[in-house]
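Novice: Quick one: the structure is below, and I'll ask about it shortly.
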């Protein structure tokens, strides 16, 4: 990873995010371009679920498998990108990267816009699995420890997560638009920093700054007011400003948004996003390095602008993560609207009618009364509404059993209590494609870099190795797990207790990691942090989510951020596409936690 040239090294660069997932606001790209000065824009489309969807699409139609929305966005903004000399980096290529790039080149040619397009691919390894096994790769599930033999004959796709190296090489070859397949989300932002500043592959603290900055902005508006616990502080939801990172060559950086845009950026919006989908805070593993946020410093320099410094990093591991997708049975979901009095009793009658008619034991089934108690499984006094959505779902490896459920569900409407109607049509059978995470030796994997001409033809091609001389077996020196004792309310005994909830003393955000949920908890001040450190234990979090969490709960303390990160294992019913829950990715777990009823000492509730 070398700088462009000694004379062209910049002191700072500005990289904007213009999308955090496939389906995000397609007008953000233009708004970011027109909103102020920028050097780069990144757009992140991919997730494990998105890769599964794109793989399905490609199987149905060989000319698909990439994000068509991206092509439309660039067509709309191509002349602006060219005029303002802003470079664009995205993982919109999905599972058909070269095809995506060729289609884009064809559109640029029609517009007579000269932007050099590069492709980074080679992440798809499904056709090499047997050969790699013969070379010693086991593809054991890194979350469950299960053998690859369980799913090998049902494998649909397998994609490695590349780091930033091939993207940096594309910039060195003059690319204006770089389209990748599966790279880490942070690589899209790190690469231009490495290129512009000439950071070396062993300057791990600087690389960690790039990785952390990329993590903060990768989910779009989630760091500028979206999904923020204190949403009531946001005065303008219109034209919400998407985040921009201004990185300096020394690794210090700021997060801000364009002037006169909606949303909000403060220390807490950044902390919430920083903890989103985080594991061990000292062991944030990527292909380029292992980052550590345990000494990170965050401060507000002015309104809607946050400064971050003191990132740390260590040498990368010798492995790349592999995201696999495999066929995993069938599911179906049906909906009734239920209204009138005693909707809970009506829902139970409908459920019994369906199961009595079927007389089938499904591998998994689920009933949720949406609007009544589908999310908040814990008991507390509530008002029973006069209408709700009854959601019934089943999963099984036997497609015929799922088909019978669909038939019986549709035939129930005339033989059930009053005030009930089917929502939509008869339930459809859905093929389940599940997620299998594993590792592979970096030495076995190279990225392919293609530079295309204006006609979409490959002008030059390069093989970019994934390994470096700095790769090493890395183990955290301090895993930062903290086994707090259950000591609720033993301190502050001289204070009267007030009935409230956790939102009074902290903020939170949750995300998914396979079948696990992470909940990042941010204390509102140091006094509240000390109270939570002593009383918000792993067992307490397990108690709150006892209806959902079937595995262990792990707590990581992050005192520099007055924060904690909880990992709730086996909490999503299989997660992703397999789960029968209305929230299969755990996005609302944080809100459930924040609203959990508790009694707190008066002096803890008071703000400092």
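Every number here is computed from the coordinates shown, using simple stated rules; none is lab data. Small disclaimer: the values here were computed from a predicted structure and weren't measured. As a convention, Cβ positions derive from the backbone with ideal geometry for all residues, glycine included, and neighbour counts pool all protein chains shown.
Novice: Assuming 0.36 nm per residue, please report the length gained on full extension of the stretch residue 250 to residue 61 beyond their Cα-Cα distance. Intermediate values should be presented prior to the final figure.
Specialist: On the way: separation 189, 0.36 × 189 = 68.04 nm, distance 4.70 nm.
Extending this stretch completely gives an extra 63.3 nm.
Novice: To continue, here is another question. Test of understanding: ordering 102, 130 by Cβ neighbours within 10 Å, fewest first, what list do you get?
Specialist: On the way: 102 17, 130 9.
Ranked by crowding around the Cβ, least crowded first: 130, 102.
Novice: For the residues 215, 232, 312, what sequence is obtained by ranking on other C-beta atoms within 10 Å, fewest first?
Specialist: Ordered by Cβ neighbours within 10 Å, fewest first: 232, 312, 215.
Novice: Let me ask you something else. Which FRET efficiency value, to the nearest 0.05, is calculated for residue 111 and residue 359 with the Förster distance at 41 angstrom and r the Cβ-Cβ distance? Before the final figure, lay out each step's value.
Specialist: Numbers: r = 62 Å, r/R0 = 1.51.
That gives a FRET efficiency of 0.10.
Novice: For the stretch 175-305, state the semi-axes of the equivalent ellipsoid (square roots of 5 times the eigenvalues of the alpha-carbon gyration tensor), sorted largest first and rounded to whole angstrom.
Specialist: 25, 17, 14
Novice: Remind me, relative contact order of the stretch 330-434 in percent, using alpha carbon pairs under 8 angstrom and six or more residues apart?
Specialist: Values: 174 pairs, mean separation 49.6, N = 105.
RCO, the stretch 330-434: 47 percent.
Novice: Further question: Under the 0.36 nm per residue contour assumption, what length would be gained going from the current alpha-carbon distance of residue 200 and residue 458 to full extension? Kindly include the intermediate steps, with their values, before the conclusion.
Specialist: Values: separation 258, 0.36 × 258 = 92.88 nm, distance 2.90 nm.
Separation in residues times 0.36 nm, less the Cα-Cα distance, equals 90.0 nm.
Novice: With the crude spin-label approximation of a point 7 Å out along Cα→Cβ, what separation in nm comes out for residue 410 versus residue 85?
Specialist: My value for the distance between the label points is 6.1 nm.
Novice: Could you state the per residue volume, in Å³, of the convex hull enclosing the Cα atoms of the stretch 497-605? Intermediate values should be presented prior to the final figure.
Specialist: Working: hull volume 9.3 nm³, N = 109.
Convex hull of Cα atoms, per residue: 85 Å³.
Novice: Where does the stretch 101-250 land on Rg/Rh, using Cα atoms and the Kirkwood Rh?
Specialist: On the way: Rg = 19.8 Å, Rh = 18.8 Å.
Reported Rg/Rh, Kirkwood definition of Rh: 1.05.
Novice: Okay, moving on. Per-residue ellipticity at 222 nm for the chain, helices alone: DSSP H runs ≥ 4 residues times -39500 (n - 2.57), over residue total, nearest 500 deg cm²/dmol? Provide the component values of the computation, followed by the final result.
Specialist: On the way: 15 runs with 156 residues, N = 608.
Computed ellipticity for the chain at 222 nm equals -7500 deg cm²/dmol.
Novice: Efficiency by 1/(1 + (r/R0)^6): what FRET value for residue 527 and residue 387, r their Cβ-Cβ distance, R0 = 25 Å, to the nearest 0.05?
Specialist: Result of the calculation: an efficiency of 0.05.
Novice: Take each of the peptides 191-198, 154-161, average the number of other beta-carbon atoms within 10 Å over its residues, and list them starting from the highest.
Specialist: Working: 191-198: 24.9, 154-161: 21.0.
So the peptides 191-198, 154-161, ranked by packing, come out 191-198, 154-161.
Novice: For 603, 153, 69, what ranking results if the residue with the fewest other Cβ atoms within 10 Å of its Cβ goes first?
Specialist: Numbers: 603 12, 153 8, 69 16.
Fewest to most other Cβ atoms nearby, the residues stand as 153, 603, 69.
Novice: Sticking with this one: Which length gain, in nm to one decimal place, applies between residue 469 and residue 344 when the Cα-Cα distance is subtracted from 0.36 nm times their residue separation?
Specialist: Numbers: separation 125, 0.36 × 125 = 45.00 nm, distance 6.25 nm.
Result for the pair: 38.8 nm of gain on full extension.
Novice: Relative contact order (percent) for the chain, with alpha-carbon contacts under 8 angstrom and 6 or more residues of separation? Show your work: numbers first, answer last.
Specialist: Working: 1385 pairs, mean separation 88.1, N = 608.
Worked out over the chain, it gives 14 percent.
Novice: With N set to the number of residues, divide the alpha-carbon radius of gyration of the chain by 2.2 N^0.38 Å and report two decimals.
Specialist: Cα-based Rg divided by the globular estimate yields 1.00.
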